[in-house]
Amino acid sequence: MELLKNVRKRSFLSEVAYVVLNVLLAVALLVSVVVTNVPWPALGLVFLSKWRVFAVRSRYWMANIRANMIDTIVGVSMVALLYAATGSLVTQIILTVLYAVWLLFIKPRSRRSFVAAQAFIGLVIGIAALVQVSPGLPAAAVVLASWLIAYSAARHILSVRHETHLNFLSLMWAFIVAEIMWLTYHWTIGYAIGSTLKLAQVTIIIAALGFLAERVYVSYHKHGALKYSDVMMPMLLSLSLVAVVLFVFGGVATI
């Protein structure tokens, strides 16, 4: 009985430490950006928090890097958005809370529904942050970064289903997203979020297409063929959303 009590106590203390450390990381990113007014120290904290990726033998490094790509993308993107939101402390605090929610409630989950959510969040926030900073980057860097984000998101969701064509499907989706980013690089429509941030039209388009692609894949993986009832509503929803942002709100503002 004493052993069980000690185990439970250690487990409880571990949970508390996990929560505290993750909240401290989120707060540290906010404080770092606000105090220094540059993103580099906060980016350093994000990469420092991934020290366990390399705390194993070197032959496992690449596997660990791939497994942690989505979390790294979310962390780096959050720093970019915090920096872009400079001047609006309320927006920065909201972003910090959302990052803490990611660290505590979304990132640790391993169920397929949560893995799909992790991939989708990584894709959307990664593209959103990339477009936010894209005016200061060359087109090649934007396209390459979008390719990496899309590849990581696709691989993240496909790996949990033990897909035999994982690399091919991930590369195909990454190519599609990179092409879209290349086409929209010189003319990006954005919608204001608060006083400092803008949600790019291309982010909404890629999110809608990503949702549709995931539903199509799940239907095919489950039945061996596309099932009309599985993909009809997601297709109507995604295509309707794309049509609305392109033709109804297509000229609201530019980034």
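Each reported figure results from applying straightforward, stated rules to the coordinates on display, with no laboratory input. All values reported here derive from a predicted model rather than from experimental measurement. Note that each Cβ is placed from the backbone with ideal geometry, even for glycine, and that neighbours are counted across all protein chains shown.
At a glance:
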| read-out | value |
| --- | --- |
| Sorted by Cβ density within 10 Å, fewest first, the residues 52, 66 | 52, 66 |
| Cα-centre dipole for the range 1-149 with unit charges at Cβ (Lys and Arg positive, Asp and Glu negative), debye to 20 | 700 |
| Cα-derived Rg over Rh, computed across the range 93-140 with Rh taken as Kirkwood radius | 1.09 |
| Inter-label distance for residue 183 and residue 52, nm, one decimal - labels placed 7 Å from Cα along Cα-to-Cβ | 4.1 |
| Long-range amide H partners of residue 249 with built H, under 5 Å | none |
| Fraction of the pair-distance distribution of the range 33-190 above 25 Å, Cα-Cα pairs, percent | 33 |
| Relative contact order for the chain, counting Cα pairs under 8 Å that sit 6 or more residues apart, in percent | 16 |
| Length gained when the stretch residue 225-residue 37 is fully extended (0.36 nm per residue, less Cα-Cα span) | 62.5 nm |
| Dipole-positive endmost among 229, 157, 212 within the range 135-235 (Cβ charges, Cα centre) | 229 |
| Inter-label distance for residue 19 and residue 165, nm, one decimal - labels placed 7 Å from Cα along Cα-to-Cβ | 4.5 |
| Convex hull per residue volume in Å³, alpha carbons only, for the range 1-108 | 118 |
| Value of D in µm² per second that Stokes-Einstein yields for the range 68-160, Kirkwood Rh from Cα pairs, at 4 °C (1.567 mPa s) | 95 |
| Cβ-based exposure ranking for 102, 61, in which fewest neighbours within 10 Å come first | 61, 102 |
| The range 135-255: radius of gyration and largest Cα-Cα distance (Dmax), Å | 15.9, 48 |
| Highest average packing first - 151-158, 24-31, 84-91, Cβ atoms within 10 Å | 151-158, 24-31, 84-91 |
| For the range 131-218: relative contact order, % (alpha-carbon pairs under 8 angstrom, 6 or more apart) | 27 |
